[in-house]
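To keep things clear, I will list the structure first and then write my remarks on it.
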Amino acid sequence: MQNSLKRGGLLIIAKLISLLGGFGVVIILAVLNGYLGFISSMSVTLFGALGIAKLLGADIAMSYEVIITLVVLSGVLRGVLRYFEQYSNHYIAFKLLEIIRVKVFHKLRELVPAKLEGKQKGDLISMLTAGIETLEVFYAHTISPSLIAFLVSLTVILFVGFFSSWYLALLAFLGYVIVGIILPLFFFKVVKKEGREYRKSLADFNSYFLDSIKGIKEIVFHNNEIEREEKVSQKSENLLKTTKNIKNKVSASSAITDLTVTLFILLSLILGVVLYVNELLEFGSMLVGVVAIFGSFGPVLALANLPSNLTQTFASGDRVLDLLEEEPLVLEIKDKNDITFNSLEVKNLSFGYNNNDPILENVNFSVKKGEIVGIVGPSGSGKSTILNLLLRVYQKNSGEILFDGQEIEEINSKSLLENVTLVSQSTYLFNESIMENIKVSKLNATSKEVVEATSKANIHSYIESLENGYKTEVKVMGDNLSSGEKQRIGISRAFLKNSPLILLDEPTSNVDSMNEGIILSSIKEAKKDHAIILVSHRESTMAIADRIYRFDKKTLSEVKK
């Protein structure tokens, strides 16, 4: 997920095309429709030129009625074929964008949370929305137009060469190469740097702006809105400056391309006249050849306009491919053992990020159903890390994590998550109703089950007091709920899921002492059917624990109650 372009353009094209899979047939149909459509379009002017040549005395075998009929049919056929070409291109584009989004979602599921910690959410959002949408340019407006341009140009060269003059055909060939290949490659290099800078500036702006929106209350409360506004304005100016640079260079490239096309059209007319004057061509053949060249630059002009879009497309494609190819820290286990949890034993567990500077050394503890085990220690001591290791968020360096005697690496990931529930310090709420937010942990739960869970978390009465009760919509980022209310919804999810092992990471850190007492009482009541690991820096929270372990120099020591 780098901002700089790591892959070359050809490699990005190859990898993006590889995603086509079974859509190759649709691409062929799009190219065929586009090719025949351009030939039909050119046929309108060619048959018109024949009519004019006949009118001026050229020896044309077809009657005026036939010529007029062919002109009309060619025009109608052009419209029909154009429709099917565009339909095919966009069908492929939007279907593939759907497939890419699904692939990205699955990849994020593999990477979360370990590989996404520290990633800028605004950057991710930019890539998953505008970035993926940019790929539509490649699939709908690059692949088939490039093939169509090649086929139409080849057809015109052969037609002009055999029907009119190979001198005109050679001139057309030079025009196609310069307008459709040389100029696009040149301008692609010119705007390549600005394209990368634009994607980088856009991602930077989105990340900063999203952070500013999320933290708007803190900004206002600390009287920091003016400074923040200035930085937002500065980043917006940087983005605007990059955009202007791209637009200026794109405008210049378009002007030069149009001028080059005009020059070749003029040259073909001059050459045609010279050939006719020197009696190397009949008037009718000269007119048809020149007119054929006049109307044939449309497909290559489409290629000439690609560089400005492709720079951003390649930058977006590069970042999407980076994400799809990124390896998770921990691979999902699918073909080993399922469990029904009864007990957990941790032996000589050691862990350090990147295998350096271990933060856990020789950690030992155990818990079984009917028990509450407390782990207490200062912030940053490694309490949350232990819980993450129990869920295989990270791969332990050494030691054993045994669920009912089975090593954690021998247990299917899905089965592990069905048996273990984590309530983290911060609860994320979706922009949906409170009912839907709670049912995240059990989608088929009944209303009665939800009420039982929220009652245990001491939030049922509060939800009922709201105007719309459980149907109350949670605002974006949960701004209409306090930190304590969010935390109790998170605890409700755990009670609703009813996993045999519940991991509670600072479950009462955001609630007052009265709610803390009620929640702890519910947790104590829940231990009859569960094993509970309770992590906190508060000594008071440990009152309900059957056994307590305290952090001491990167390991745990049991505290005698």
More than 18 angstrom apart: percent of Cα pairs within region 479-561: 44 percent
Using the alpha-carbon atoms, what tilt in degrees (0 to 90, nearest 10) does helix 9-18 show relative to the longest principal axis of the chain? 70 degrees
For region 263-408, averaging the sequence separation of alpha carbon pairs under 8 Å that lie six or more residues apart and dividing by its residue count, the contact order in percent is 21 percent
Viscosity 1.306 mPa s, temperature 10 °C: what is the translational diffusion coefficient of region 227-337 from Stokes-Einstein with a Kirkwood Rh over Cα pairs, rounded to a whole number of µm²/s? 81 µm²/s
List, largest first, the extents of the alpha carbons of region 297-417 along their principal axes, each in whole Å. 78, 34, 23
Give the angle, between 0 and 90 degrees and rounded to the nearest 10, that separates the Cα long axis of helix 225-277 from the longest principal axis of the Cα atoms of the chain. 20 degrees
Over region 420-561, with every protein chain in place, what whole percent of the accessible area is carbon and sulfur at 1.4 Å, could you tell me? 49 percent
Cleavage-rule hits, GluC sites (Glu not before Pro), region 498-561, DSSP coil, Cβ neighbours within 10 Å at most 14: Glu539
Treating only Lys and Arg (+1) and Asp and Glu (-1) as charged, each at its beta carbon, one finds that the chain has a dipole about its Cα centre, in Debye to the nearest 20, of 380 debye
If every Lys and Arg gets +1 and every Asp and Glu gets -1 at its Cβ, then about the Cα centre region 442-561 yields a dipole, in debye to the nearest 20, of 500 debye
Per residue, what accessible area does the chain have, given a 1.4 Å probe and all protein chains present, in Å²? 50 Å²
At q = 0.16, 0.24, 0.26, 0.30 Å⁻¹, what log₁₀ I(q)/I(0) does a Debye calculation on the Cα points of region 49-102 give, no solvent, two decimals? -0.62, -0.87, -0.92, -1.04
Residue among Ser455, Thr69, Gln425 farthest towards the positive dipole end of the chain, charges placed on Cβ: Gln425
Over the chain, what is the relative contact order in percent, taking alpha-carbon pairs closer than 8 angstrom and at least six residues apart? 16 percent
In vacuo Debye sum over C-alpha of region 442-526, base-10 log of normalised intensity I(q)/I(0) at q = 0.11, 0.13, 0.22, 0.26 Å⁻¹, listed in q order, is -0.28, -0.40, -1.17, -1.51
For region 388-444, what is the Kirkwood estimate of the hydrodynamic radius, computed as the reciprocal of the mean inverse distance between distinct Cα atoms, to one decimal in Å? 13.6 Å
In square nanometres, what is one fourth of the surface area of the convex hull spanned by the alpha carbons of region 143-277? 10.6 nm²
Selected from Gln406, Ile372, Ile359, residue furthest toward positive end of dipole (region 345-423; charges at beta carbon): Ile372
As computed over the chain, the Cα convex hull volume per residue (Å³): 203 Å³
What order do you get for 299-305, 489-495 when each peptide is scored by the mean count of other beta carbon atoms within 10 Å, highest first? 489-495, 299-305
Report, to the nearest 10°, how far helix 143-163 tilts away from the longest principal axis of the Cα atoms in the chain, using its own Cα long axis and a range of 0 to 90°. 10 degrees
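The values are calculated or read from the model by the stated rules, or taken from the named source; none is laboratory data. This one's a predicted model, so the numbers in the text were calculated from it and none came from an experiment. Virtual Cβ from ideal backbone geometry, glycine too; neighbours counted across all protein chains shown. The area values use the complete protein model at the heavy-atom level, side chains included, leaving out ligands, DNA and RNA. Shrake-Rupley method; radii C 1.70, N 1.55, O 1.52, S 1.80 Å.
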